[in-house]
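S.K.: First, the structure itself, so that you have it in front of you.
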Amino acid sequence: MSPSPASTLSAADLRTSPGRRARSALARWLFLLAAAATVLVSALIIWTVVSEAWTFISQVAFDKLADIGWFPRRGLFDLSTLLVNSAQISLIAMAVAVPSGFGSAVYLSEYAHPRVRRVMKPTLELLASVPSVVLGVFAISFITPSILSPFFSEINFFNKLAAGIAVGLLVIPLIASIAEDALRAVPVSLREASAGLGARKITTSIRVVLPAAMSGLMAATVVGFSRAIGETMVVTIASGGGDTSLFNLSWMESGGTITSAMASLGLGTDQVAGNDLAFQSLYFLGALLFVITLGLNMIGDQIVRRLREKY
Amino acid sequence: MTVLSTPVGIATSAADTLRRRPGADMAGAAFKWLLIGATVFATGFLAVLLGVMIVDGWDVLSGNLVHFLTHGFSQRSATDAGVWQGIIGSLQVALVTGVFAIPIGIATAIYLVEYAEGSRFARLVELNIRNLAGVPSIVYGLLGLAVFVKTLSGFTQGKTVIAGGMTLAAMVLPIVVITSVEALKAVPSSLREAAYGVGATKWEVLSRQVLPAAMSTILTGTVLSLARALGEAAPLILVGAATGFLRFGDANFAETFTGPYTALPVLILNFAQQPGDDWGTNAAAASVVILVLVLMVNGVAIYLRNRFEKQW
């Protein structure tokens, strides 16, 4: 009997060597493990922050959460002080970053020559990598003495206004980059239709392109705000250096934010003395910050999904 | 007066009407210059920043630079203080960050793009990465303090470069994953299909075709993430980078990984918080050093991207 070659070729012959298959299977499991590790990072963040924050919440006397200011080592944890300062500084930052970020986004996507764009885009990326401590130094060595002092003679050396402006400078590249992506996603046909009806460039930009990109612009604002609230070093250097903070509403005075209060507590993690809860308050503030920024980022995501026009 | 009854007359008159009168689009011109102003403000402040720092730090940069770069921190006098330990510490931390963040980040991206696209687990990982990317850096410091410094102290030896690097690795992980995912998605599927067609296993397709093709973009992303780690101070404060005097003694390079350490941005914070103009000069000079370092690393990344960029 001499079977044809085709019939002797079984599935086992086509199957490759066990070693090659094992390597492929092993690789798959390693990749899966890495992906699981990233989820583990989130789980660990939530677990550590929540468990320590819970210790704080369950032990703190609630009337200490509303007092004259933030004095963790004396057991006074007035949250409104930090929340108001965080909000004030972030709003100043947005007042700087939104006009400038949107303006440069519109310029780069609608007006700029491609060659200009090719230079400006990497420059914006480069700006995003400027270390925040450097901007903190910039705030106290330039913004306050050279720009603000001539106009406001009674301004404090450490003040929320300079901190807010510096945070704003830091957030511009982020806002500009998200906004530019949104503007460029608007189809050319809309611009052409508008120009075909005789609209000037300014009319096309303001009445057609900007409204069409509205969801992306709003998302840029929300994400930028979230970044501004989470910014730590600028505020620690320029406004909230001490670990205590008396409640005040003036933007010419110094004031600690959620983040700078955390940094100040961290600078003394070995020597947290005085009140036992000072250390746990660090994690409580972390939980607060985590919830606020996560909430803002999810709102940003939602806006994009809800308002996105289907082209 | 043109005669309107001939076709040519009508056309000329229409062209006159439609022609933009000089100076009529004042609003448009003003708008354009407003936009240019915004762009100049957004990008030009880097030059102002660098200029201010160089002027403020000039006393150190011009007369004392070698001493400044090669000497350690000194509490006693500003003119004795240097940033040597900060530079070494920052590079060590960045090294540890890279060792942890790069393999895990790239592997996660490979899993998401090549193995599990669209599955429920992949969607969970993607959502998780997006959310992690928005978590403020100082929150990673809390994670590092509780997990890497305390729980894993057997491995990290407490407040060391290893704990600091792992903390920053968790922070930059989303950046590495996101850029690697984009790089892998840009590799055309024809490349994979061709490799499968000649009998390669999935691992062979990935390791010999897809990864080499995506590597330049992935490299750019990882280098940018390391630049971010180099400039970050907030989490390091929480996981115990020393802000004050550090004595290395005769510890060799390997031993410094498990001893006390500091980092350049943390030193800048310390300089900035000391009273007196001398310390301000130091803070400015150290800011120039870190700006040069970060801009150099970014330059490398942009060079890599332009040098090896592929068009499919």
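Nothing in this text is a laboratory measurement; each read-out follows from the coordinates by a stated rule. All figures in this text were calculated on a predicted structure; none of them were measured in a lab. Backbone-built Cβ (ideal geometry, glycine too); neighbour counts: all protein chains shown.
S.K.: Can you tell me the orientation of helix A:160-184 relative to chain A, as the angle in degrees between its alpha-carbon axis and the longest Cα principal axis, to the nearest 10?
M.R.: It works out to around 30 degrees.
S.K.: How large is ³J(HN,Hα) for each residue in the stretch A:215-220, as worked out from phi by the Karplus curve 6.51 cos²θ - 1.76 cosθ + 1.60 (θ = phi - 60°), to whole Hz, x for Gly and Pro?
M.R.: Per residue, the Karplus-derived 3J(HN,Hα) values read 4, x, 5, 5, 4, 4 Hz.
S.K.: Around A:Val209, with a cut-off of 11 angstrom between Cβ atoms, what is the net charge of the other residues, counting Lys and Arg +1 and Asp and Glu -1?
M.R.: +3
S.K.: Rg to Rh ratio, the stretch A:156-299, alpha-carbon atoms and Kirkwood radius?
M.R.: Over the Cα atoms of the stretch A:156-299, Rg/Rh equals 1.17.
S.K.: For chain B, what is the per residue volume of the convex hull drawn over the alpha-carbon atoms, in cubic angstrom?
M.R.: With only Cα atoms used, chain B gives 253 Å³ per residue.
S.K.: If the cut-off is a Cα-Cα distance under 14 Å, which aspartates and glutamates reach B:Lys32, setting aside same-chain residues fewer than 8 apart in sequence?
M.R.: A:Glu110
S.K.: Other chains' Cβ within 10 Å of A:290-296 residues: what's the mean?
M.R.: If you average over the peptide's residues, the count of other-chain Cβ atoms is 3.
S.K.: Taking the Cα atoms only, what angle lies between the long axis of helix A:278-307 and the longest principal axis of chain A, rounded to 10 degrees?
M.R.: Tilt of helix A:278-307: around 60 degrees.
S.K.: A:Gln302 to A:Leu190: FRET efficiency via 1/(1 + (r/R0)^6), r the Cβ-Cβ distance, R0 35 Å, to the nearest 0.05?
M.R.: 0.90
S.K.: A further question follows. Could you sort out which of B:Lys150/B:Lys185; A:Lys64/A:Lys160; A:Lys121/B:Lys185; A:Lys121/A:Lys201 sit more than 30 Å apart by Cα distance in this structure?
M.R.: Check vs 30 Å cut-off fails for B:Lys150/B:Lys185.
S.K.: Name the residue farthest towards the positive end of the dipole of the stretch B:45-143 from the options B:Gly118, B:Gln92, B:Ile129, assuming +1 on Cβ of Lys and Arg, -1 on Cβ of Asp and Glu, about the Cα centre.
M.R.: It is B:Gly118, whose Cα lies furthest towards the positive end.
S.K.: Say we join alpha carbon atoms closer than 10 Å with springs in a Gaussian network model of chain A; which of A:Phe151, A:Phe56, A:Phe142 then has the biggest fluctuation?
M.R.: Comparing A:Phe151, A:Phe56, A:Phe142 in the GNM, the peak value goes to A:Phe151.
S.K.: Can you name the helices of chain B, as whole DSSP H runs, whose Cα span along the helix axis is 24 Å or more and whose Kyte-Doolittle mean is not below -1.0?
M.R.: Answer set is B:26-56, B:84-110, B:161-185, B:211-231, B:277-308.
S.K.: Identify, among A:Val209, A:Thr38, A:Val50, the residue whose Cα sits farthest towards the positive end of the charge dipole of chain A, taking +1 on the Cβ of Lys and Arg and -1 on the Cβ of Asp and Glu, with the dipole about the Cα centre.
M.R.: Working it through, the farthest residue towards the positive pole turns out to be A:Val209.
S.K.: Once you treat every alpha carbon in the stretch A:141-227 as an equal point and sum by Debye, what is log10 I(q)/I(0) at q = 0.11, 0.16 Å⁻¹?
M.R.: -0.50, -0.73
S.K.: Let me ask you something else. With Kirkwood's inverse mean 1/r over C-alpha pairs for Rh, give me the Rg to Rh ratio of chain A, two decimals please.
M.R.: 1.17
S.K.: For the protein assembly as shown, compute the orientation-averaged projected area of the C-alpha convex hull (one quarter of its surface), in nm².
M.R.: Its Cα hull, projected and averaged over all orientations, spans 42.5 nm².
S.K.: Per residue of B:170-177, count partner chain C-beta atoms within 10 Å of its C-beta, then hand back the mean as an integer.
M.R.: Per residue, the average neighbour count from other chains is 2.
S.K.: Additional query: Give the angle, between 0 and 90 degrees and rounded to the nearest 10, that separates the Cα long axis of helix A:18-59 from the longest principal axis of the Cα atoms of chain A.
M.R.: Here the helix axis deviates by roughly 20 degrees.
S.K.: Here's another thing I want to ask about it. What FRET efficiency comes out for B:Ala47 versus A:Arg115 if R0 is 25 angstrom and r is the Cβ-Cβ distance? Round to the nearest 0.05.
M.R.: 0.80
S.K.: With only Lys, Arg, Asp and Glu charged, each at its Cβ (+1 for the first two, -1 for the last two), find how big the charge dipole of the stretch A:14-101 is about the Cα centre; round to the nearest 20 debye.
M.R.: Value, rounded to 20: 1000 debye.
S.K.: Can you tell me the dipole magnitude for the protein assembly as shown around its Cα centre, using point charges on the Cβ only (Lys, Arg +1; Asp, Glu -1), in Debye to the nearest 20?
M.R.: The calculated dipole for the protein assembly as shown is roughly 2260 debye.
S.K.: Show log10 I(q)/I(0) for the stretch A:8-66 at q = 0.21 Å⁻¹, two decimals, from a solvent-free Debye sum over equal Cα scatterers.
M.R.: Taken in order of the listed q values, log10 I(q)/I(0) reads -0.87.
S.K.: Inside 10 Å of the C-beta atoms of A:137-148, what's the mean count of C-beta atoms belonging to other chains?
M.R.: 4
S.K.: Check which residues have an amide H placed less than 5 Å from A:Leu76's amide H, if you skip close sequence neighbours.
M.R.: Those lying under 5 Å, H to H, from A:Leu76 are A:Phe71.
S.K.: May I pose another question? Summarise the long-distance tail of P(r) for the stretch B:1-156 by giving the % of C-alpha pairs beyond 25 Å.
M.R.: The answer is 70 percent, as a whole percent.
S.K.: Test of understanding: what is the full-extension gain from B:Leu124 to B:Met296, defined as 0.36 nm times their sequence separation minus their Cα-Cα distance?
M.R.: That pair, B:Leu124 and B:Met296, stretches by 58.3 nm at full extension.
S.K.: For chain B, with a Gaussian network of springs between Cα atoms less than 10 Å apart, report the residue from B:Leu91, B:Leu236, B:Leu46 with the top mean-square fluctuation.
M.R.: It is B:Leu46.
S.K.: Along the positive direction of the dipole of the stretch B:132-230 (beta-carbon charges: Lys, Arg +1; Asp, Glu -1; about the Cα centre), which of B:Ala227, B:Gln157, B:Thr217 reaches farthest?
M.R.: Ranked along the dipole, the leading option is B:Gln157.
S.K.: Can you give the FRET efficiency to the nearest 0.05 for B:Glu117 and A:Arg21, using r as the Cβ-Cβ distance and R₀ = 25 Å?
M.R.: About 0.65, to the nearest 0.05.
S.K.: Run through every distinct alpha carbon pair of the stretch A:1-110 and return the Kirkwood hydrodynamic radius in angstroms, one decimal place.
M.R.: So the Kirkwood estimate lands at 21.7 Å.
S.K.: Only Lys, Arg, Asp and Glu count, each charged at its Cβ (+1, +1, -1, -1), so figure out the dipole size of chain B about its Cα centre, rounded to 20 debye.
M.R.: With only Lys, Arg, Asp and Glu charged at Cβ, the dipole is about 820 debye.
S.K.: Taking springs between alpha-carbon atoms closer than 10 angstrom, which of B:Arg130, B:Arg19, B:Arg228 fluctuates most in the Gaussian network model of chain B?
M.R.: B:Arg19
S.K.: Run lengths n ≥ 4 of DSSP H only: what is the helix-derived mean residue ellipticity at 222 nm for chain A, with -39500 (n - 2.57) per run over all residues, to the nearest 500?
M.R.: Computed mean residue ellipticity for chain A: -21000 deg cm²/dmol.
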